[in-house]
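Participant: I am attaching a structure below and will ask some questions about it afterwards.
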Amino acid sequence: MKKFLAIFNARNREFLRDRSTLGWNIILPIVLVIGLGFIFSDTNKSMFKVAVLHDAATLAAENDPFLDTRYVQFFEVSDRDEYFTRVSRHQVDMLLDLTVTPARYWINPTSPKGYVLEKMLPDGSYERGVVEGEQVRYVDWLVPGILGMNLMFSCLFGVGYVIVRYRKSGFLKRLNATPLGALEFLAAQVASRLWLIMAITIAVFIGTDLFLDYMMNGSYLLLLLVTTLGAVSMISLGLLIAARVSSEELAGGLLNLASWPMMILSGVWFSLEGTPAIVQWLSKLFPLTYMLDGARKIMIDGAGIGGVWLELAMLTVMSVVFLALGAVMFRWKGE
Amino acid sequence: MTASTVIQVRDLVKHYPKTRAVDGIDLDIQAGVCFGLLGPNGAGKTTTVEMIEGIVKPTSGTVLYRGEPLGRTFREQAGIQFQSTALQDFQTVRETLETFAAFYPHHMDIDEIIELCALGGFLDQDARKVSGGQRQRLLLAIALVNDPEILFLDEPTTGLDPQARRNFWDLVERIKARNKTILLTTHYMEEAYILCDEIAIMDHGRVIARGTPQRLLQEHFNDVVLELPEDIADEKFRDFPLQLLRVRGKVEISTDDVNAAVHALMERDVPLNHLRIRPRTLEDLFLELTGRELRA
């Protein structure tokens with residue numbers, strides 16, 4: 001017990017005396033609580049999204065008793081064809097048409113949420129419609145998200161955390177005593193992580209594609225370009241975060257600050273369709289959002305270079321800005 | 001400054017918020033000289049050396065390498081061994097050497113370095129898993145990889161066992177034979193005495209003495225030390241006419257007249273079977289100048 005207490009106390013002192021890390025550990029939960037509170041501030045947090053076509057002045061329960069269901073977000077739309085597409089792509093869980101009698105609904109048969117909504121419909125008075133066009137399986141929609149998330153973590157931590165460790169151990173100081181320049185060092189770090197993560201991502205994509213046969217309506221070359229730019233932008237973000245920090249715990253915290261919001265708000269798991277405007281605005285700050293949007297547009301919509309120019313441009317701008325800032329701020333030694 | 005001055009340091013100062021680590025130092029290191037910077041821990045040796053290496057930015061003062069401010073030429077021509085250096089994980093000794101060799105426009109032949117630093121026995125081992133002595137030889141090899149004009153060794157033998165230390169000294173002698181200029185810091189006076197042509201002793205951020213080891217000893221001492229075992233009772237030395245110290249498990253008597261001292265001891269019937277007479281060493285000088293024990 002004495003030994004346990006000695007180590008317990010030593011570790012407590014180490015943690016408490018590392019001011020930057022301590023401050024960080026207090027700020028992070030506050031940011032998380034405020035952030036999550038904000039995102040989920042709608043007390044009737046909707047788990048399902050239903051687009052509704054109707055003639056009535058307002059969308060109210062007297063039009064149809066189903067509209068009274070809790071935890072379902074109903075929003076009015078006017079373009080039926082557009083929402084067929086959104087249903088087929090898992091951006092909306094159901095399309096409900098109240099302008100016809102009996103009322104009709106459309107779901108994507110491969111969507112788990114669509115299935116649950118269908119079961120929740122009051123008996124009898126609804127007619128099932130078939131979504132026209134190619135139906136997108138959930139996995140087709142999800143695979144860019146999963147691979148993108150893995151790529152994001154690998155890029156941020158594989159570069160950011162490693163550089164901080166090099167700095168803390170004094171390895172950077174030793175390199176600084178040679179003619180090796182900061183740009184050469186940083187470029188090598190970017191290149192190394194880039195080819196490794198691209199090789200892994202491509203291998204996993206091809207390997208799982210053999211079993212799952214992902215929908216691919218666009219160009220593989222364009223998909224490679226979007227993914228590569230996405231990886232460069234996130235490696236650059238890792239460099240920027242690691243530019244000066246020499247505490248591994250602080251670096252871990254900062255990297256989490258960058259990665260967690262991206263994981264939640266970049267559309268990895270669910271579409272941001274129908275989320276509050278502030279969430280959609282926030283998502284525009286993250287490179288992962290553009291990478292995933294671009295990849296899904298290419299794979300699912302079959303977009304060409306003209307369809308993803310915004311994503312390509314944003315990823316390029318972010319890469320350049322992060323890389324330039326990271327290189328300017330970079331220090332061989334800790335503060 | 002003469003043509004052969006490799007390093008010239010003028011009024012070098014480094015202040016940290018709470019300490020004056022280096023408080024105005026002037027040094028001139030000539031080509032081909034092994035220069036020793038000595039001092040107890042905390043004297044400011046490492047800060048001084050790292051300012052000369054261009055790693056730590058001085059608060060004020062100048063460092064010139066061959067008459068020029070530190071720059072690319074210096075980095076290409078300097079070899080540096082820090083007090084402690086972490087290397088990259090999962091690299092063999094040979095891979096580590098080759099990585100560092102690639103940083104320089106010209107580098108020494110890798111096999112020649114391996115031979116010079118006796119790395120042959122553990123070339124393919126993980127660089128993290130070699131012994132203390134092997135590790136210091138590897139770090140020295142990395143410092144030598146660019147065939148440097150000037151070599152910095154910061155306490156290279158601290159923590160090594162006596163045999164590994166002697167091996168390292170032999171190595172440094174071989175490097176000296178190649179006419180390299182060396183700046184060595186150490187707190188082992190024996191090491192400085194054996195390796196250094198010139199020394200400067202630092203304490204509290206200042207140089208308190210400098211010169212060749214022999215000249216420094218001649219300047220400060222004209223006596224020798226008689227050492228006796230410490231188990232001799234104090235009353236034997238009552239009214240002893242010479243300065244007498246009980247230190248390091250011995251009784252030390254310093255004198256410039258050995259005959260008189262031995263005569264005085266015989267008069268008091270002190271057993272002389274274990275009497276040893278030794279000349280003054282750098283360690284004596286160091287203690288006299290800094291007034292404190294060397295701390296390892």
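Participant: Report, ordered by the first and then the second residue, all pairs with beta carbons closer than 9 Å, sequence separation of six or more or different chains, a first member in segment A:167-195 that is at the interface with another protein chain (Cβ under 7 Å from one of its Cβ atoms) and among the β-branched types (Val, Ile, Thr), and a second member that is assigned to a helix (DSSP H, G or I) and surrounded by fewer than 18 Cβ atoms within 10 Å (Cβ to Cβ).
Facilitator: Qualifying pairs under 9 Å: A:THR178/B:GLU76.
Participant: Give the number of residues within segment A:137-166 that are within 14 Å of chain B (Cβ to nearest Cβ) and of a type in the set (Ser, Thr, Tyr).
Facilitator: 2
Participant: Residues being modelled with pLDDT of 90 or more and of a type in the set (D, E, K, R): count how many of those fall in segment B:179-190.
Facilitator: 1
Participant: While we're here: Residue by residue through segment B:56-88, note down the ones that are more than 9 Å from chain A (Cβ to nearest Cβ) and among the charged types (D, E, K, R).
Facilitator: Scanning segment B:56-88 gives B:LYS57, B:ARG66, B:GLU68.
Participant: For segment B:106-119, give me each residue that is modelled with pLDDT of 90 or more and surrounded by fewer than 15 Cβ atoms within 10 Å (Cβ to Cβ).
Facilitator: Hits for segment B:106-119 are B:ASP109, B:ASP111, B:GLU112, B:GLU115.
Participant: On the given criteria, is A:SER271 at pLDDT 90 or above and either under 15 Å from the mean Cα position of the chain (by Cα) or among the acidic types (Asp, Glu) (or both)?
Facilitator: When the stated conditions are applied, A:SER271 does not pass them.
Participant: Just to be sure, is B:GLU50 under 18 Å from B:ARG206 (Cβ atoms) and either within 10 Å of another protein chain (Cβ to nearest Cβ) or free of Cβ contacts under 8 Å to residues at least 12 places away in the same chain (or both)?
Facilitator: Answer is yes for this residue.
Participant: It is to be established whether one or more residues within segment B:133-140 are more than 27 Å from B:THR48 (Cα to Cα), of a type in the set (Gly, Ala, Ser) and assigned to a helix (DSSP H, G or I).
Facilitator: The answer is no; no qualifying residue exists.
Participant: If you don't mind, there's one more thing I want to ask. Which of the numbered conditions does A:ARG128 fail, given that it passes all the others? Conditions: (1) over 19 Å from A:ASN63 (Cβ atoms); (2) in contact with a His (Cβ under 9 Å, 6 or more places away or on another chain).
Facilitator: A:ARG128 satisfies all of (1) over 19 Å from A:ASN63 (Cβ atoms); (2) in contact with a His (Cβ under 9 Å, 6 or more places away or on another chain) except (2).
Participant: Out of (1) under 19 Å from A:TYR290 (Cα atoms); (2) of a type outside the set (A, V, I, L, M); (3) at pLDDT below 90, the odd one out for A:GLY207 is which?
Facilitator: Going through the list (1) under 19 Å from A:TYR290 (Cα atoms); (2) of a type outside the set (A, V, I, L, M); (3) at pLDDT below 90, A:GLY207 breaks only (1).
Participant: With the requirement that a residue be under 20 Å from the mean Cα position of the chain (by Cα) and of a type outside the set (Phe, Trp, Tyr), what does segment A:114-149 give you?
Facilitator: Within segment A:114-149, A:VAL136, A:ARG137, A:VAL139, A:ASP140, A:LEU142, A:VAL143, A:PRO144, A:GLY145, A:ILE146, A:LEU147, A:GLY148, A:MET149 qualify.
Participant: Here is a follow-up. Taking B:ILE194 as the residue in question, decide whether it is touching a residue at least 12 places away in the same chain (Cβ under 8 Å), of a type outside the set (Asp, Glu) and surrounded by fewer than 19 Cβ atoms within 10 Å (Cβ to Cβ).
Facilitator: Judged against the criteria, B:ILE194 is a match.
Participant: In addition: Out of (1) at pLDDT below 85; (2) surrounded by 12 or more Cβ atoms within 10 Å (Cβ to Cβ); (3) in contact with an Asp or Glu (Cβ under 7 Å, 6 or more places away or on another chain), the odd one out for B:GLY249 is which?
Facilitator: Among (1) at pLDDT below 85; (2) surrounded by 12 or more Cβ atoms within 10 Å (Cβ to Cβ); (3) in contact with an Asp or Glu (Cβ under 7 Å, 6 or more places away or on another chain), the lone unmet condition for B:GLY249 is (2).
Participant: On to the next question. For segment A:128-232, please list each of the helices (runs of 4 or more DSSP H) lying entirely inside it that holds at least 3 residues being under 30 Å from B:GLY54 (Cβ atoms).
Facilitator: Helices (runs of 4 or more DSSP H) meeting the threshold: A:162-169, A:171-176, A:182-212.
Participant: Then there's this: Tell me which of these B:GLY32 doesn't satisfy, since it passes every other one: (1) away from chain A (no Cβ under 11 Å); (2) buried (at least 17 other Cβ atoms within 10 Å of the Cβ); (3) in contact (Cβ under 8 Å) with a residue 60 or more places away in the chain; (4) closer than 16 Å to B:LEU144 by Cα.
Facilitator: Result: B:GLY32 fails condition (2) only.
Participant: Just need a number here: residues in segment A:288-307 that are touching a residue at least 60 places away in the same chain (Cβ under 8 Å) and surrounded by 19 or more Cβ atoms within 10 Å (Cβ to Cβ).
Facilitator: The number of residues fulfilling the criteria is 12.
Participant: For B:SER254, which of the numbered conditions (1) among the hydroxyl-bearing types (Ser, Thr, Tyr); (2) farther than 30 Å from B:ARG20 by Cβ; (3) free of Cβ contacts under 8 Å to residues at least 24 places away in the same chain fails to hold?
Facilitator: (3)
Participant: Could you please find all residues in segment A:92-112 being under 23 Å from A:VAL268 (Cβ atoms) and surrounded by fewer than 21 Cβ atoms within 10 Å (Cβ to Cβ)?
Facilitator: Correct list: A:THR110, A:PRO112.
Participant: Let me ask you something else. If you check every pair at least six apart or on different chains, which have Cβ atoms under 7 Å apart with a residue in segment A:1-17 that is touching a residue at least 24 places away in the same chain (Cβ under 8 Å) first and a residue that is surrounded by 10 or more Cβ atoms within 10 Å (Cβ to Cβ) second?
Facilitator: If the second residue must be surrounded by 10 or more Cβ atoms within 10 Å (Cβ to Cβ), the pairs left are A:PHE15/A:THR21; A:PHE15/A:LEU22.
Participant: Another question about this same structure. Looking only at residues in segment A:101-122 that are out of contact with any strand residue (DSSP E or B) (no Cβ under 8 Å at 6 or more places or on another chain) and assigned to a loop (DSSP other than H, G, I, E, B), which one is nearest to A:TYR71 (Cα to Cα)?
Facilitator: A:PRO122
Participant: If I ask for residues that are within 14 Å of another protein chain (Cβ to nearest Cβ) and surrounded by fewer than 19 Cβ atoms within 10 Å (Cβ to Cβ), which ones from segment B:120-137 would you list?
Facilitator: Once the filter is applied, which keeps residues that are within 14 Å of another protein chain (Cβ to nearest Cβ) and surrounded by fewer than 19 Cβ atoms within 10 Å (Cβ to Cβ), segment B:120-137 yields only B:ARG128.
Participant: Can you tell me which condition B:ASN146 does not meet? The list is (1) among the polar types (S, T, N, Q); (2) within 14 Å of another protein chain (Cβ to nearest Cβ); (3) exposed (fewer than 14 other Cβ atoms within 10 Å of the Cβ), and all the others hold.
Facilitator: If we test B:ASN146 against (1) among the polar types (S, T, N, Q); (2) within 14 Å of another protein chain (Cβ to nearest Cβ); (3) exposed (fewer than 14 other Cβ atoms within 10 Å of the Cβ), just (3) comes out false.
Participant: Being within 11 Å of chain A (Cβ to nearest Cβ), within 13 Å of B:VAL145 (Cβ to Cβ), exposed (fewer than 15 other Cβ atoms within 10 Å of the Cβ) and not aliphatic (A, V, I, L, M) is the filter here; which residues of segment B:89-102 pass it?
Facilitator: none
Participant: Consider B:GLU198 carefully, then state whether it is charged (D, E, K, R) and over 20 Å from the mean Cα position of the chain (by Cα).
Facilitator: no
Participant: Being within 24 Å of B:MET108 (Cα to Cα), away from chain A (no Cβ under 14 Å) and aliphatic (A, V, I, L, M) narrows it down to one of B:LEU184, B:LEU140, so name that one.
Facilitator: On inspection, the qualifying residue turns out to be B:LEU184.
The values are calculated or read from the model by the stated rules, or taken from the named source; none is laboratory data. Please read all numbers here as calculations on a predicted model, not as lab measurements. Positions of Cβ are generated from backbone atoms using ideal geometry, with glycine treated the same way; all protein chains shown enter the neighbour counts.
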